[in-house]
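Visitor: Have a look at this one before I ask anything.
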Amino acid sequence: MSLKEELKEIVGEKWVITGEESSLFSVDGFTAYKGDPSMVVLPGNEEEAVKVVRSIVKRGEKVIFRGSGTSLSGGSIPVDGEIVVGLSRLNRIEEYKGNEVIVGPGIANIMVTKNAPPHLFYAPDPASYSVSSIGGNISHDSGGIHVVKYGPTFNSVLGVKVILPDGDVEDLLFHNGQLNPMSIFIGAEGTLGAVIKARLKLFPKPESRVSVFATFDSVTDAGKAVVEIFRKGVVPSALELMDRNIIRAIESSRYKADLPNVSAMLLVELDGSIPQVKEEKEVVKGAIEDNSGRIIDAKGNEDEFWKARKGAFPSMGAISPAYVTLDCTVPRSKLPNALESIEKISREENVFIANVFHAGDGNLHPLIPYDPNNKESLLNALRVGEKISKIAITMGGVPSGEHGIGIEKISIEEMYYSEEEIAVMKRIKQTFDPNNLFNPWKIFRPKSLPRQDDVLKVMWEWE
Ligand SMILES: Cc1cc2nc3c(=O)[nH]c(=O)nc-3n(C[C@H](O)[C@H](O)[C@H](O)COP(=O)(O)OP(=O)(O)OC[C@H]3O[C@@H](n4cnc5c(N)ncnc54)[C@H](O)[C@@H]3O)c2cc1C
């Protein structure tokens, strides 16, 4: 029996997709690259997922796991015809117990809080939270606006159940031993195991949550205010920065919220007890005003401002059909310098760059538009992006703030880590997956290109 026939027997005919329809799985949120899967399989439950993976690995076939396909680093795109196993149908909530919940990997992030007891919430909140899956969030160790106070996904995952590359199932949902391997699967980008269940931590909803919005005549001043807020001992629950270009994109899109037309805008959220939040609000206002910022009154539009921030990436569609999303980081104290460098590069290279980022954790997302019908325009956006990412690293940043390495950041990763460190990571991969069956071509530079491809060549700096 062929593999296709075997998989159809496991999941049912309609959940095995080949041909033209499977090209829906050739792309993700990283629009610069496209690669077709040889087949797509969508198991409907845990048992089917295990059988599917066992059938595939028994034949030595390569496989990519997929949640909602919103990866911004190309994590869920096949590079050389890998089989895609989509886990979005494993979307059940098993049970809420105390401040914990057990869920399937396919559930959308937003549903975890929506279904939680009213006094609890799930903290990690990537702007894609209405669609991106918990399995994808775990595999990219995703962040979001609340990372600054509550940490990335890593800090909210208590246990996972995974299928390993040899087909074995490891239940680490409640593994509390000394050598707990659970955390190795968080941020592993599906290269070590398929997450088929997760135990998540929920936080109590704070007594009070308030927002402060401010405008600045320069992004550098806004960056200085961010540094000052932390210097004064306040840790906001969200601290976001948007520059004039991204505000313009938002205001031209369906996320329009009557944002002011200014060089930079800070959005701050504080949460905690009522007296604590009141006190912190005054400190934040002082830090903003000391750095030439002006506090603005949202006039009841607070939720709209935050929705506009969450819609910043898709709003770019209003000014360009495609764009590259950078994900560099710098230590918070270097934010003003990083912003100056980005402005300089934009001027020197004559490239439009819109900035929106998680200022509180120094995670920058410069967005560089390109023309999808003009290869040179794409390659130039990638080159400019790489230049910015490398400058961020020289300022003390790390290769990825929250979007992962995928196919996008292999050369940036090599700039940051020493050969020894990469060798350690490769040994881990080799131990779990000696035949390189799970999400091959990702995270590590392969020995050879699967085919001549300009985008891969630029990203991987191929000679
Ligand atoms: C508009 C927009 C806004 C975004 N905002 C943010 C943001 O604020 N913060 C942020 O961090 N990210 C953000 N992202 C990026 C993206 O949404 C996240 O990386 C998200 O976690 C991906 O989830 P997904 O379900 O779409 O995963 P996919 O794209 O399907 O997969 C991502 C990676 O995880 C692996 N994977 C998926 N499911 C599993 C599984 N069950 N087991 C093992 N491996 C698996 C895949 O192989 C791939 O490597 C944004 C993306 C978009 C399009």
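The values are calculated or read from the model by the stated rules, or taken from the named source; none is laboratory data. Since we're looking at a predicted model, the values are computed, not measured. Don't worry about glycine lacking a Cβ; one is built from the backbone with ideal geometry, like all the others, and counts go over all protein chains shown.
Visitor: Just to be sure before I move on: is Ala308 surrounded by 19 or more Cβ atoms within 10 Å (Cβ to Cβ) and under 26 Å from Gly397 (Cβ atoms) in the structure I sent?
Guide: When the stated conditions are applied, Ala308 does not pass them.
Visitor: Something else about it: Tell me yes or no: at least one residue of region 143-150 is crowded, with 22+ Cβ neighbours inside 10 Å, under 11 Å from the mean Cα position of the chain (by Cα), under 15 Å from Asn363 (Cα atoms) and within 12 Å of the ligand (Cβ to nearest atom).
Guide: Yes: one or more hits.
Visitor: Kindly indicate which of Leu3, Leu24, Leu90, Leu42 is more than 15 Å from the ligand (Cβ to nearest atom) and out of contact with any His (no Cβ under 7 Å at 6 or more places or on another chain).
Guide: Just one listed residue meets the conditions, Leu3.
Visitor: Continuing with the same structure: Can you tell me how many residues in region 190-221 are at pLDDT below 95 and under 25 Å from the mean Cα position of the chain (by Cα)?
Guide: 1
Visitor: Shifting gears a bit: Working only within region 86-102, note down all residues that are farther than 11 Å from Leu202 by Cβ, in contact with a Lys or Arg (Cβ under 9 Å, 6 or more places away or on another chain) and either part of a loop (DSSP other than H, G, I, E, B) or among the hydrophobic types (A, V, I, L, M, F, W, C) (or both).
Guide: Answer for region 86-102, where residues must be farther than 11 Å from Leu202 by Cβ, in contact with a Lys or Arg (Cβ under 9 Å, 6 or more places away or on another chain) and either part of a loop (DSSP other than H, G, I, E, B) or among the hydrophobic types (A, V, I, L, M, F, W, C) (or both): Leu87, Ser88, Leu90, Ile102.
Visitor: Give all pairs with beta carbons closer than 8 Å in which a residue from region 18-46 that is among the basic types (Lys, Arg) meets a residue that is in a loop (DSSP other than H, G, I, E, B); count only pairs at least 6 apart in sequence or on separate chains.
Guide: Lys34/Ser26; Lys34/Val27; Lys34/Ile77
Visitor: Can you pull out the strands (runs of 3 or more DSSP E) entirely within region 306-371 that have at least 2 residues that are within 12 Å of the ligand (Cβ to nearest atom)?
Guide: Here the list reads 322-325, 354-357.
Visitor: What single numbered condition from (1) over 18 Å from Lys161 (Cβ atoms); (2) touching a Leu at 6+ places or on another chain (Cβ under 9 Å) fails to hold for Ser22?
Guide: All conditions are met except number (2).
Visitor: For residues in region 120-141 being near the ligand (Cβ under 6 Å from one of its atoms) and not in a loop (DSSP other than H, G, I, E, B), which is nearest to Gly406 (Cα to Cα)?
Guide: The residue in question is His140.
Visitor: Working only within region 63-82, note down all residues that are assigned to a loop (DSSP other than H, G, I, E, B) and away from the ligand (no atom under 12 Å from the Cβ).
Guide: Asp80
Visitor: Within region 157-187, track down each residue that is within 30 Å of Lys307 (Cα to Cα) and within 13 Å of the ligand (Cβ to nearest atom).
Guide: Val157, Ile186, Gly187 - these are the residues of region 157-187 that are within 30 Å of Lys307 (Cα to Cα) and within 13 Å of the ligand (Cβ to nearest atom).
Okay, residues lined up against (1) within 16 Å of the ligand (Cβ to nearest atom); (2) among the hydroxyl-bearing types (Ser, Thr, Tyr); (3) at pLDDT below 95:
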position	(1), (2), (3)
Lys409	yes, no, yes
Tyr417	no, yes, no
Pro434	no, no, no
Pro440	yes, no, no
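Visitor: If I go through region 188-209 residue by residue, how many of them are outside any strand (DSSP E or B), in contact with a helix residue (DSSP H, G or I) (Cβ under 7 Å, 6 or more places away or on another chain) and not polar (S, T, N, Q)?
Guide: Adding up the residues that qualify gives 6.
Visitor: Counting just the residues of region 47-62 that are part of a loop (DSSP other than H, G, I, E, B), out of contact with any Pro (no Cβ under 7 Å at 6 or more places or on another chain) and in contact (Cβ under 8 Å) with a residue 60 or more places away in the chain, which one comes out nearest to Lys409 (Cα to Cα)?
Guide: Among those residues, the one meeting the criterion is Glu61.
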